[in-house]
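Report on the following structure.
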Amino acid sequence: MKKIKFVGLLLGLGIVLALTGCNRNENIIRVFNWGNYLDESILAEFTAQTGIRVSYSTYATNEEMHTRLTAGGGGFDLVFPTDYMVERMIREDLLLPINLENIPNIRYIDQRFRGLEFDPHNVYSVPYKWGTLGILYNTAMVEALAPGMVVDSWNILWDARFGGSIFMYYSMRDAFVAPLKLLGYSINTTNPDELFAARDLLIAQRPLIRAYLGDPIKHSMIGNEAALAMVFSGCAMFTMEFNSDLNFIVPREGTNVWFDNMVIPRGARNQAGAEAFINFLSDPEIALRNTLYTGFSTTNWATFALLPEEIRNNPVYWPSDEVIDNSETQVHVGEFTATWERAWIEVLAARP
């Protein structure tokens, strides 16, 4: 297969562009996004086209972003939450309605990604990226540690033969996907017995775990630091370009199909500028550059048509209907969130 190199290398977290000398009177938007989730070279182009400067910073989890917004450390004009977090933010009145008249490029967003359960009328969100959660594995290391092992189930993350060679993703909702699916429960459970059974599996797994990591998982797997890792499909696409021993599967028990979105927080100082940036990111050519840079699947039908065939036909990038039908999308669990948070703290506090 012809190799498609994603544009650029990872640039690190918390980069702020075009800030020096700024004052409150300047036309600026403050963007808060996931790490390595946008080709930052496009920011200067946006400024050149619109005259709007961009202050750009990043976060590692939905919960971190939510805490920043609700603890007085916000001031952001645009953020990129996942499905269940969009729903939570709507319920908590943390978002402003988006004026779609200012986003003509909305016509390029595929209909299959509009009208989803968390925002059925797309009042508050414009789809950005989507994908699955699965297992990234080093074929050579797996064969060395467990000859003949077929990687097709979440249960491999509890196999003692891989002790010290497993990375888990540092995210409350995502970490629980594996044990809940293994137990046959919904990833949106509000049953305490089910959640605590999954918690106990994660605690039992702790001695096997090398580390809980966020975005650095990509570098670590490229560098052959572990045999197995829970990662998102876009992370897998990126890493597989740099290490030919890496492969990705969605476990047979099913997984999370997720959707990340562009939203405008209540309290935004420049809503019109944020809408202009949403429109800019929804341009097919700009979305193409972001897709090639990040490895994550686009929600833009025009961009998808521009992708090389080997990416469009790659099941990691574009999972089959069978995979999607066997999976769930996370939803906000309401007041039960506090129980989830307690279970997660207990997992992290458990002695390895």
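The values are calculated or read from the model by the stated rules, or taken from the named source; none is laboratory data. None of these values were measured; they are calculated from a predicted model. In this analysis, Cβ positions are derived from the backbone assuming ideal geometry, glycine residues included, and neighbour counts consider all displayed protein chains. With ligands, DNA and RNA removed, areas are computed over all heavy atoms of the protein, side chains included. Shrake-Rupley method; radii C 1.70, N 1.55, O 1.52, S 1.80 Å.
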Problem set entry | Estimated 222 nm signal from helices in the chain, with DSSP H stretches of n ≥ 4 weighted -39500 (n - 2.57), rounded to 500 | -9500 deg cm²/dmol
Seminar exercise, completed: For LYS218, the accessible surface traced by a 1.4 Å probe with all protein chains present amounts, in square angstrom to the nearest 10, to 10
Exercise. Around LEU78, which amide H atoms from residues at least 5 apart in sequence, or from another chain, sit under 5 Å from its own amide H, with H modelled in the peptide plane?
Worked result: ARG30, PHE32
Seminar exercise, completed: Length-normalised contact order of the chain, Cα under 8 Å, at least 6 apart, in percent, tallies to 28
Problem set entry | Sequence-distant residues sharing a close amide H with ASN300 (under 5 Å, placed H) | ASP110
Problem set entry | Formal net charge of residues neighbouring MET172 (Cβ-Cβ distance under 9 Å; K, R +1; D, E -1) | -2
Problem set entry | the chain, accessible area per residue, ligands and nucleic acids excluded (1.4 Å, Å²) | 41
Seminar exercise, completed: Length gained if ASP321 through PHE242 is fully extended, taking 0.36 nm per residue and subtracting the Cα-Cα distance, is 25.7 nm
Exercise. From the square roots a ≥ b ≥ c of the eigenvalues of the alpha-carbon gyration tensor of segment 29-138, which class results: rounded (a/c under 1.5), prolate (a/b over b/c), or oblate?
Worked result: rounded
Seminar exercise, completed: With GLU346 itself left out, Lys, Arg at +1 and Asp, Glu at -1 over residues whose Cβ is under 12 Å from its Cβ give +2
Seminar exercise, completed: A correct Karplus calculation of ³J(HN,Hα) over segment 143-152, with 6.51 cos²θ - 1.76 cosθ + 1.60, θ = phi - 60°, whole Hz and x for Gly and Pro, returns 5, 5, 7, 8, x, x, 5, 9, 8, 8
Exercise. Excluding PRO284 itself, what net charge comes from residues whose Cβ is under 12 Å from its Cβ, given Lys and Arg +1 and Asp and Glu -1?
Worked result: -1
For this session: Keeping all protein chains in position, work out how much accessible area SER186 exposes to a 1.4 Å probe, and write it in Å² to the nearest 10.
Result: 40
For this session: For segment 77-128, state which GluC sites (Glu not before Pro) are in a DSSP loop and have at most 16 other beta carbons lying within 10 Å of their beta carbon.
Result: GLU92, GLU117
Exercise. What list of ³J(HN,Hα) values in whole Hz, one per residue of segment 317-323 in order, does the Karplus curve 6.51 cos²θ - 1.76 cosθ + 1.60 (θ = phi - 60°) give from phi, with Gly and Pro shown as x?
Worked result: 6, 10, x, 6, 4, 4, 5
